[in-house]
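The values are calculated or read from the model by the stated rules, or taken from the named source; none is laboratory data. A quick note: this is a predicted structure, and the numbers were derived from the prediction, not measured. Cβ coordinates were reconstructed from backbone atoms using ideal geometry, including for glycine residues, and neighbour counts include every protein chain displayed. Please note that ligands, DNA and RNA were not included when accessible areas were found on the heavy atoms of the full protein model with its side chains. Shrake-Rupley method; radii C 1.70, N 1.55, O 1.52, S 1.80 Å.
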Amino acid sequence: MNKTQSAMRALELAESRFRAGDGEAGVQLLLEFSDDFHCAVRLREWAVAERRLDLVHSTIQATLTADLPEAAVSRAVLQLLQGESSAALDALQLLIHAYPQLETAHHHAGRALQNLGRSDEAAATVQHALRLRADYPEAWYSLAHIERARGCLLESVDAYRTALRQMPAFRAALLNIGITLCALDQAEAALEPLDQLLRREPDAVDGLINKGLCLHILGRIAQSRACYELALQHAPDHPLAHFYLGCLLNEEMETGLARSHLEAALVSNRSDPDVLTELIGLLEQTNDLAGAASKIQEGLAHAPSHPGLNLEAARLDRRQGRIKDARERLLALDARALPTRLAQQYWFERGLLHDRAQEFDRAMEAWERGNALAALSPRRKQIDHNAFSRRCDQIARWLEQGSPGTAQCPDDPFPDLPFRPAFLVGFPRSGTTLLDTMLDAHPDVVSIEERATIEAVVEEILQPEGGYPNAMALLNPDALIAAREIYRRSIQPWLPNEFRGVLLDKLPLRLLRVPLIHRLFPDAPILFAVRHPCDVVLSNFMQQYVPNEAFVHFDSIADAARMYDQVMRLWRQMLETLPIRPHWVRYESLVADPAAELAAASAALKLEVREEMLDPAQRLKGRERIQTNSYQQVAEPIYRRAAGRWQHYRRWLTPVLPLLRPHIQWLGYDVEND
């Protein structure tokens, strides 16, 4: 067998290896005969599709000397690699005119057209190549790319899968199936091809990053973070890994670390609008409005129409009182063209702007749209919608059975803590954050905002024995000592050394765990935040929350009202059956006469009011980022526009008034005006 015959035999064997899924073997066979023109052409197609730039140039060089049409294709491919798409297209069109059956010329002409932004022509040209040769996986791959660019994501996935069927070891096709499924909001399905890729290449950085993104979308935060961090171990300067990890840490309120990763993502491109958008959001939420404004100006100078930057600019305009400017900027955006995550932010922000402009019908329509998008989140599919209600029912049954385990026993050890614990509870959006920041400004108070403290006790002590509240009956002296030690450890990261003051532990819905708090710390003050039920229900409906078992109930006024009713009935049941005497703090009084209401709350904690507690600038000075959606309000001078806001939305709240009226009356609000 001569050399030419050997090369042709190697080409046949390589194709069979590609079809069998052994891509490396196929490539090795082609490399052995890379000086053969036909083997070099086949290797060129594979290397271009797989972005193996180390092989692309050598294979192209091997084909350039021949006086054959494929040599002209190679020269055009080289021009494409050099960014000369127009010249490449001109050469390929001349070649197609001379050799209309040359499928590789049609394929790369389609790539050139796509590079030039002519997607419809690009798709038609690559489809023509596939009519000439249907078993052309690299052309199917190019068609998939073009379809994705045209917004035809389902067609794109089908084309990638066709390429993968024809060449099962097609790495780039496997990766892009995952990427495109993720873009289709099918993050769970996207994990399968990405995991398949990572089984082959455990250190594949692009696979790790995109798997991390899918896990992040699904709310599997620890696994997502591990993927991003592993990607950065392999590629410490990878901007996308830094960006996505920064986004995750921003969501998790790890502000300093989030900022460092976002700034690292900007090193290679200081004007990247997506990274700047995330960084601006972080700065705005930490009340660094000057820093946010500077970054907005920098970003819009390079990308004036970027929707994320314009959304952040509108948000900043609103916060600084430029309602007209914010409204005009936001309404100029096309919400239909926004990705889902940005569209949610758009509609919630638009609702706030319409509310400030007293356009209440339009505000409600915007919030309804935002909540409708939130309900479609992939994370929602991971959450049992009935879990929170079942938890409330379980506590109610336990209370009806006499709440076993709540009574203090003579041999209970006294809590031995160097600080004085106090707890701030209430239904979300009842003013807990405003009160928390006021009290935290006192030099003898340290606030822990929405951390898993009592929850750590439940997880480690009660969960193994049957869970809360039933396992409370097993709280003997040794268990109490262990539980208090777990609590002490859980709060330690946020306490100054040798702190002896009041530890204010704030988590609104922890009111469901007040019986456990009372058993662990019988003398600990409990502050209960109160606000008009209609305002509470409306305010929760207005928020864009990270979904959990409780917050999934705020997508509609009706569902939010049902949840409020269940929680408050349970709270009243606790107060009627247990020796719990919380101090009530009324939101409306706190904003109308903050000095008086704060004085009463401080007295309940055995503190004296300090002047800095009433000054927003002093309250937030040195305080880390506010953990809740109330961060904007507490950073401003106290205002009253949120008190009684529900009256503007009465017609939407009228259907739930029968459910809320008993709570309106019990909490001491005017029933006649509801």
Check: the chain dipole with +1 on Lys, Arg Cβ and -1 on Asp, Glu Cβ, in debye: 1020 debye
Long-range HN-HN contacts of Val585 with modeled amide H, under 5 Å: Phe528, Ala529, Val530
4 °C / 1.567 mPa s Stokes-Einstein diffusion coefficient of segment 399-479, Kirkwood radius on C-alpha pairs, µm²/s: 84 µm²/s
Normalised alpha carbon radius of gyration of segment 526-598 [divisor 2.2 N^0.38 Å]: 1.25
Ratio Rg/Rh [Cα only; Rh per Kirkwood] for the chain: 1.08
Rounded to the nearest 20 debye, dipole of segment 72-136 from Cβ charges on Lys, Arg, Asp, Glu: 80 debye
Interatomic Cα distance distribution for segment 289-358, bins of 10 angstrom, percent: 21, 55, 23, 0
Radius 12 Å from Cβ of Thr65, net charge of other residues (Lys, Arg +1; Asp, Glu -1): -2
Cα-derived Rg to Rh of segment 102-174, Kirkwood definition: 0.94
Dipole of segment 245-286, positive direction: furthest Cα of Ser260, Gly281, Leu245, with charges on the beta-carbon: Ser260
Accessible heavy-atom area order of Ser305, Ser119, highest first, probe of 1.4 Å: Ser305, Ser119
Accessible-area value, Asp158, 1.4 Å probe, nucleic acids and ligands omitted, Å²: 90 Å²
Area projected by the alpha carbon convex hull of segment 444-557, averaged over all directions, nm²: 8.9 nm²
Heavy atoms of Leu570: accessible area, 1.4 Å probe, square angstrom to 10: 10 Å²
Projected-area average for segment 332-430 over all orientations - Cα convex hull basis, square nanometres: 12.1 nm²
Charge-dipole axis of segment 378-448 as Lys and Arg at +1 and Asp and Glu at -1 on Cβ define it, positive-most pick from Pro421, Ser389, Ala441: Ser389
Accessible area (Å², 1.4 Å probe, nearest 10) - Asp274: 80 Å²
Long-range HN-HN contacts of Asp505 with modeled amide H, under 5 Å: Ala422, Phe423, Leu424, Ile448
Straight-distance crosslink candidates among aspartates and glutamates, where the alpha carbon sits under 16 Å from Lys295 and sequence neighbours closer than 8 are dropped: Glu263, Asp272, Asp274, Glu278, Glu284, Glu312, Asp317
Assigned charges on the beta-carbon of Lys, Arg, Asp, Glu; segment 393-465 dipole about Cα centre (debye): 280 debye
Computed Rg/Rh of segment 377-520, alpha carbon atoms with Kirkwood Rh: 0.98
Estimated 222 nm signal from helices in the chain, with DSSP H stretches of n ≥ 4 weighted -39500 (n - 2.57), rounded to 500: -19000 deg cm²/dmol
Most positive-pole-ward Cα, His354, Gly668, His106, against dipole of the chain from beta carbon charges: Gly668
